[in-house]
Amino acid sequence: MKRFVVSAVVAGLVSALALSTTLAAQPRRVVTIAAGEVDGVYYPIAGAISRITSEAKVLNLRATVESSGGSVANVQLIRSGEADFALLQNDIAYYAFNGIAPGAFVGKPVKNMVGVFSVYPELVHVVVTHASGVKSVRDLKGKRVALGTPGSATEQNALQLLEVHGVGEGDLGAAVRVSFSAAVDQLKAGLVDAAFFTIAAGAPVVADALGSGKVGLVSVGVTAGEALMKKYPFYTIGELPANTYKGQEREVTTPAVMATLVARSALPESLVYRVTKAVFDNLPQFHAAHAAARYLTLQTALVGMPLPLHPGAERFFKEKGISR
């Protein structure tokens, strides 16, 4: 019996060593995570996913992070197969999957895109210069407004929010499409009167703008928010508590959407399962990436998820007793 136990232990060690040697001999699979602008929130969150999954030995994976124009651009990267995973807003994910909006997706649904988990709420920040005299979104008529980068979800949110206030793009004095950091520079220099930022509460880029003392936040209000939700059902009403940013003395009511992680449907079930498991097994490390990342828990992981789940993610959440 003693000889049998020793033999079994040795056999187990040999098998483990053989498996380890086999994994080490195999080339690491490279996957790409499409993020957003380097000064946004998607980029550090994608970076955290990259670090966690690349350090998980069971995955034998190297995850690279790519900057992009944002949610709409990321959908196109998933469609083309240039990205394996991507971060994007839930509204854009829904429109793209169903082929209904915006223009790039109408009649061209993106069916190779599936959900992994929701990450955090993104709030539509409407930042205006004090010199502009703008007190509401409706006041943006005739003003110079930064709408976000071309193809970004911020651009879509800006146009939709303007629309429910009866303001078309043609009603603006100028529609400027630039990065978040460029928009902040132009606000400070007085080159634009207002800028939209769909981003997590407390975002450094917005803090930078408000820290200048030259700009403030416009509250959208519940009535306009409800009108937006009625037309675009993936919005919610969010709040920026007073003092979220320097000089912000009052609470600001504004629409919000959910940032989500999506994947190509062709990715193996085992890979997506292990990626999902690695993130949730290392939530403290994930939370440390950015204040917005702290929102993610098992209980919030499927909030606002507009897509069918990847089978690997679905398997993980079923094991945890989490369902939509």
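The values are calculated or read from the model by the stated rules, or taken from the named source; none is laboratory data. Only a predicted model underlies this, so the values are computations on that prediction, with no experimental measurement involved. When we count neighbours, we look across all protein chains shown, and the Cβ atoms used for this are built from the backbone with ideal geometry, even at glycine.
Here are the numbers:
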| quantity | calculated |
| --- | --- |
| Index of the failed condition, Val58 passing every other in (1) under 21 Å from Thr276 (Cβ atoms); (2) at pLDDT below 95; (3) crowded, with 19+ Cβ neighbours inside 10 Å | (3) |
| Residue identified as under 17 Å from Tyr42 (Cβ atoms) and either assigned by TED's automatic domain parsing to the domain that holds Glu37 or not charged (D, E, K, R) (or both) among Ala183, Ala175 | Ala183 |
| Residue list for segment 88-107, filter: within 20 Å of the chain's Cα centre (by Cα) and of a type in the set (A, V, I, L, M) | Leu88, Ile92, Ala93, Ala96, Ala101, Ala104 |
| Test: residue in segment 302-319 that is touching a strand residue (DSSP E or B) at 6+ places or on another chain (Cβ under 7 Å), in a loop (DSSP other than H, G, I, E, B) and surrounded by fewer than 17 Cβ atoms within 10 Å (Cβ to Cβ) | yes |
| Yes/no for Gly238 being surrounded by fewer than 22 Cβ atoms within 10 Å (Cβ to Cβ), at pLDDT below 95, of a type outside the set (Lys, Arg) and assigned to a strand (DSSP E or B) | yes |
| Residues that are buried (at least 24 other Cβ atoms within 10 Å of the Cβ) and either without any contact (Cβ under 8 Å) to a residue 40 or more places away in the chain or among the aliphatic types (A, V, I, L, M) (or both), drawn from segment 74-99 | Val75, Ile78, Ala83, Ala86, Leu87, Leu88, Ile92, Ala93, Tyr95, Ala96 |
| Pairs where the first residue, in segment 207-229, is in the same structural domain as Asp193 (by TED's automatic domain parsing) and within 14 Å of Thr244 (Cα to Cα) and the second is assigned to a loop (DSSP other than H, G, I, E, B) and basic (Lys, Arg), C-beta under 9 Å, 6+ apart | Ala207/Lys246; Leu210/Lys246; Gly211/Lys246; Leu217/Arg250; Val218/Lys135; Ser219/Arg250 |
| Hits in segment 281-319 - residues which are under 13 Å from Pro121 (Cα atoms) and among the charged types (D, E, K, R) | Arg294 |
| First in segment 262-283 and closer than 11 Å to Met113 by Cβ, second anywhere and part of a helix (DSSP H, G or I), Cβ under 7 Å, 6 or more apart | Val262/Ile78; Val262/Ala93; Ala263/Val272; Arg264/Ile78 |
| Residue in segment 108-117 that is β-branched (Val, Ile, Thr), over 15 Å from the mean Cα position of the chain (by Cα) and more than 22 Å from Ile45 (Cβ to Cβ) present | no |
| Check on Arg294, among the basic types (Lys, Arg), within 18 Å of the chain's Cα centre (by Cα), part of a helix (DSSP H, G or I) and surrounded by fewer than 21 Cβ atoms within 10 Å (Cβ to Cβ) | yes |
| Unique residue being closer than 30 Å to Gly133 by Cα and modelled with pLDDT of 95 or more when the list is Val252, Val257 | Val252 |
